[in-house]
Amino acid sequence: MTDNQSPRAVADRITHRPLLTTLTEKVSPPHTALIVIDMQNDFCAAGGMMDLEGADLGTVQAMAERLPGVLDAARAAGVLVVFIRNVYSTERNAYLSDVWLEQMLRRRGESYTVREVCAAESWQGDFYGGIGPVPGEPIVTKHRYGAFHNTDLDTILRVHGIRTVVLTGVATNACVETTAREAFVRDYYVVFTADGTACYSDEAHEATLRTIDKYFGIVVSVDDVVEEWRGAAMRAVKDLATAGAEA
């Protein structure tokens, strides 16, 4: 790099495909997926695991009220929507290792041992508050924090030509953050929604947002993303009308 070359000029020269630098470019519907992470009763509902552990659900439930509008905008714009869910507890313990159980014994009380968590076909594992997939939308089942770990999420995204993942759900500082890190090191653009994700501590939430912004992606509001997708949907309708008129 010489003195008269900007970092952007060098990046444009050495990249193998054009950079996506603006939010409009990053969340363009043809190459974007909305990932909805762990919106399950155990993490969001009264009577679920986090509630029984004494967590304040207010922030999580307030975030959940914003997600239907994001989903509507994504679907109207033709964005791929992928739901992520956990299955942890099973009758003969197919998934919880000694390492996992030891961590939970130290930090989580009765959860994952005395109290089952996100068991298959259980209320605890069901999607919370009507926030769930419509027919045809993929559901990825995971058994660890990250949505890419030993799942088919990466295959689904690559088959659909996805370059950007927009992340929503719970918990900001655990499953959503882990998924963001996994996505970035797999060379996906990460768009992390500040108010479309939530956890049980404002301090932990803000710490994750700072980490994501510095190392793994961009942090935006759900309104920013919804505005982009609504604009894309309106342009698509206009283009169809123009094409029909010219036919």
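The values are calculated or read from the model by the stated rules, or taken from the named source; none is laboratory data. The structure presented is a predicted model; accordingly, all values stated were derived computationally and were not measured. Glycine also receives a Cβ, built like all others from the backbone with ideal geometry; neighbour counts cover every protein chain displayed.
Some observations on this one:
- Of all residues in the stretch 55-108 being β-branched (V, I, T) and in a loop (DSSP other than H, G, I, E, B), the one that is nearest to E228 (Cα to Cα): V79
- Matching option when the condition is farther than 21 Å from H205 by Cβ, hydrophobic (A, V, I, L, M, F, W, C) and buried (at least 22 other Cβ atoms within 10 Å of the Cβ), among A11, A120, A77, A64: A77
- Number of positions in the stretch 107-116 that are closer than 10 Å to L52 by Cβ, modelled with pLDDT of 95 or more and not acidic (D, E): 2
- Helices (runs of 4 or more DSSP H) enclosed by the stretch 149-247 - at least 2 residues per element that are loosely packed, with under 14 Cβ neighbours inside 10 Å: 153-159, 202-215, 222-246
- The set of residues from the stretch 101-116 being in contact with a Ser or Thr (Cβ under 8 Å, 6 or more places away or on another chain) and surrounded by 15 or more Cβ atoms within 10 Å (Cβ to Cβ) comprises M104, Y112, E116.
- Residue in the stretch 12-25 that is of a type in the set (S, T, N, Q), within 21 Å of L157 (Cα to Cα) and touching a residue at least 60 places away in the same chain (Cβ under 8 Å) present: yes
- Flag set for L209, criterion: in contact with a helix residue (DSSP H, G or I) (Cβ under 9 Å, 6 or more places away or on another chain) and aliphatic (A, V, I, L, M).
- Checked against (1) free of Cβ contacts under 8 Å to residues at least 60 places away in the same chain; (2) over 17 Å from V82 (Cβ atoms), Y188 passes all but a single condition, namely (2).
- Looking at D38, D56, D98, D42, just one residue is charged (D, E, K, R) and without any contact (Cβ under 8 Å) to a residue 24 or more places away in the chain, and that residue is D98.
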